[in-house]
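Report on the following structure.
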Amino acid sequence: MFSKVLIANRGEIALRVIRACNELGIKTVAVHSTADSDAMHVRMADESICIGPPAGALSYLNVPAIISACEITGAEAVHPGYGFLSENANFVQVLEDHDIKFIGPTAEHIRIMGDKITAKETMRNLGVPCVPGSPGGVPTLDEAYEISDEMGFPVIVKATAGGGGRGMKLAKTREDLEDAFFGARSESKAAFGNDEVYIEKYLTLPRHIEVQVFGDGKGRAVHLGERDCSLQRRHQKVFEEAPGPCITPEMRERIGKTCADAVANINYAGAGTIEFLYENDEFFFIEMNTRLQVEHPVTEAIFGVDLVKQQIRVAAGEDMWFKQEDLSIKGHAIEVRINAEKLPNFTPCPGTVTQFHAPGGLGVRVDSALYAGYTIPPYYDSLIGKLIVTGTNRPAALARLRRALGELVIEGVDTTIPLFHALLDEPAVQTGDYDIHWLEHWLEAQETA
Ligand code: ADP
């Protein structure tokens, strides 16, 4: 096992990893920008090192500075959290060259899954059902017309290098295709430096269902069921739950096994998420995330496992703690993402938190790096905390969410907490009867009301 791990991240996810390391008796090194000197992850780690100025590109994405930090502190492994360098194959390669272990999959697996066309092709070959679409990249508008006409509209033009909901444009009809095609290309070029796009059939009323997988890198893998993350705003998840309200045990078993077998087949190591759109009882693969997800706690809650500890163990060359038959679901868990944003427009709202009180009690987990007096810097993602509740079933989890939200106090900055109070009053949320567009439509209706 490692004796010291460096966490190449900030905020709640850095704390999450520090906590797992503490319990495993591993010393921790925090890295931080000059804007984060007073951040909680710096306070909680055993050691900390400043790696650059506020901008993420110069600090949390600064590979040479992170390598130096490992060398100065003697850290043997790096946990990347999510975002930043977590899906950067080049970073993994550089770590390897310096004999530092990356807590995650291999550079090759990250590369395969980071390119959405290669990812889809790999998954299709491994027997995972995919969204119908172009077999590869679509370089010209003429080809875009040809493929879309054959498939029928609506279609979605997607960036091969895309992520975070960027580089995706919908063409409802043939008339929209030219704008969607060039729009997706230029957005992708600007965001990812790559303008390759592909085309998929646009599913009109799907749910977002994702399967948590975990591999030991030696040909063994398990699945830990699914999460339903259908409540999204601008392709960003805001409310996630497990198990999925519309997934039967038989469906879970079938899609879970398909996913576990697929990653076992490629000797995948560590945690991964295979994302699907789900419509008319069918699953359609859209992408695989080769890292820990923001919403991993709902899976941890219902399976009673610590995914981060497992990641660390597997990276250290140890075996997984569980086999498929050891894994069973208990109860229902829901996570809501709390952002420092002003409603109704979700405008980022950094500033000083004057009061902070976290809810508690049975079945309540708060993952947050906030404290009273903390100043949220304007340079990073506006996620400031996650509230995760578990109940014996979905109604119990919803009741607990309402209770816990009522106890949560964050003063000094605007947050998205009122959104969740309002959502809990909605019959569709109470019954779980929504698709990925429901929240956008609901928000529009609130604005015009
Ligand atoms: P990103 O990597 O940018 O998050 P994804 O491929 O995971 O992109 O897609 C993000 C979201 O975009 C999905 O959750 C879904 O809401 C929507 N989406 C993507 N592909 C399709 C599709 N073929 N049909 C309908 N919606 C889609």
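The values are calculated or read from the model by the stated rules, or taken from the named source; none is laboratory data. Keep in mind the model is a prediction, meaning the values are calculated, not measured. When we count neighbours, we look across all protein chains shown, and the Cβ atoms used for this are built from the backbone with ideal geometry, even at glycine. For the accessible areas, the whole protein counts, side chains as well, though only heavy atoms, and no ligand, DNA or RNA atoms are used. Shrake-Rupley method; radii C 1.70, N 1.55, O 1.52, S 1.80 Å.
Taking each DSSP H run with n ≥ 4 as -39500 (n - 2.57) and averaging over every residue of the chain yields -10000 deg cm²/dmol at 222 nm. Note that the range 46-161 presents 41 Å² accessible area per residue, ligands and nucleic acids not counted, probe 1.4 Å.
The gain in end-to-end length when the Tyr371 to Glu108 segment is fully stretched comes to 90.8 nm, 0.36 nm per residue minus the alpha carbon separation. Listed values for the range 220-229 are Karplus-derived 3J(HN,Hα) couplings in whole Hz (6.51 cos²θ - 1.76 cosθ + 1.60, θ = phi - 60°), namely 10, 8, 10, 10, 10, x, 10, 10, 9, 10, and x replaces Gly and Pro.
What is the sum of charges, Lys and Arg at +1 and Asp and Glu at -1, for the other residues whose Cβ falls under 13 Å from the Cβ of Ala184? Net local charge, Ala184 excluded: -1.
Restricting attention to the chain, close to 80% of DSSP beta bridges with both partner residues there are antiparallel. Here the extension length gained between Thr431 and Arg43 equals 135.5 nm, from 0.36 nm per residue of separation less the Cα-Cα distance. Across the range 403-409, coupling constants 3J(HN,Hα) worked out from phi with the 6.51/-1.76/1.60 Karplus curve, θ = phi - 60°, read 4, 5, 4, x, 7, 6, 10 Hz, and Gly and Pro carry x.
Could you give the dipole magnitude of the chain about its Cα centre, charging the beta-carbon of Lys and Arg +1 and that of Asp and Glu -1, in debye to the nearest 20? Could you put the intermediate results ahead of the total?
Details: 42 positive and 63 negative charges, 219 e Å.
Dipole about the Cα centre, nearest 20: 1060 debye.
Beyond 31 Å in Cα-Cα separation lie the following of the pairs Lys169/Lys342; Lys101/Lys158; Lys201/Lys257: Lys101/Lys158. Projecting the Cα atoms of Pro64, Phe91, Ile18 onto the charge dipole of the range 4-103, computed from C-beta unit charges around the Cα centre, puts Ile18 farthest toward the positive end.
Here the Karplus relation 6.51 cos²θ - 1.76 cosθ + 1.60, evaluated at θ = phi - 60°, turns the backbone of the range 171-179 into coupling constants of 10, 5, 10, 4, 5, 7, 5, 4, 5 Hz, with x for every Gly and Pro.
Students often get this wrong: which residues of the range 139-153 have the backbone nitrogen under 19 Å from the point 7 angstrom along Cα-to-C-beta of Arg174? Output list for this probe position: 140-153.
Among residues other than Thr392 with Cβ under 15 Å from its Cβ, the summed charge is +3 (Lys and Arg +1, Asp and Glu -1).
Between the beta carbons of Leu362 and Asn194, assuming R0 = 56 Å, the FRET efficiency works out to 0.70 to the nearest 0.05.
Distant-in-sequence amide contacts of Asn194, defined by a placed amide H-H separation under 5 Å and a gap of 5 or more residues or a different chain, comprise Lys189.
Can you give the local net charge around Arg402? Use residues other than it whose beta-carbon is closer than 15 angstrom to its beta-carbon, Lys and Arg +1, Asp and Glu -1. Can you show the working numbers first?
Working: positive: Arg394, Arg400, Arg403; negative: Glu241, Glu335, Glu407, Asp425, Glu426.
Taking every other residue near Arg402 into account, the sum is -2.
Considering only protein heavy atoms and a probe of 1.4 Å, how much of the accessible area of the range 132-193 is carbon and sulfur, as a whole percent? Intermediate values should be presented prior to the final figure.
On the way: 1520 of 3090 Å².
Answer for the range 132-193: carbon and sulfur cover 49 percent of the accessible area.
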